[in-house]
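Readers should treat all values here as calculations from the given coordinates under stated rules, not as data from a laboratory. Computed from a prediction, not measured in an experiment: that's the story for all the values here. As a convention, Cβ positions derive from the backbone with ideal geometry for all residues, glycine included, and neighbour counts pool all protein chains shown.
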Amino acid sequence: MKPLTLLVALLTLIAVQAKAEFNGYQFIGISGAERAAVIKQPDGSLQLVRVGDKVGEEALLIGFDGEHAVLETAGDWGPVTLYVALEDGEQRVTLVERRPLGNYDFNRREVGTLSTESQ
């Protein structure tokens, strides 16, 4: 089995979307055009953040994708990317992280097939 195929088989990207506060930080405004965002900190104060600024103790603002703020933080299986958007005044956080494939039978000869049955 080629190393790249093995890597793809061992890790998969999982996306989870949730209405959430980001570790007590609430995004108030996001401007992809200005490459800046305004966040409300847990103490209630407002902060203007730009690419390269930390949000909280662990997350780093790494860029903007349209009107999404893109942050990165450490995860159990490597970096975790967070996409934060404001929809109808509500903060939406989409989390993309690597996780091992839990129910994959590596003894199969079929390529690209995943089992969804519980063991």
Review point. Around Arg98, with a cut-off of 14 angstrom between Cβ atoms, what is the net charge of the other residues, counting Lys and Arg +1 and Asp and Glu -1?
Key: -2
**Study point:** Local electrostatic count at Glu34 - Lys and Arg +1, Asp and Glu -1, tallied over other residues with Cβ under 12 Å
**Key:** +1
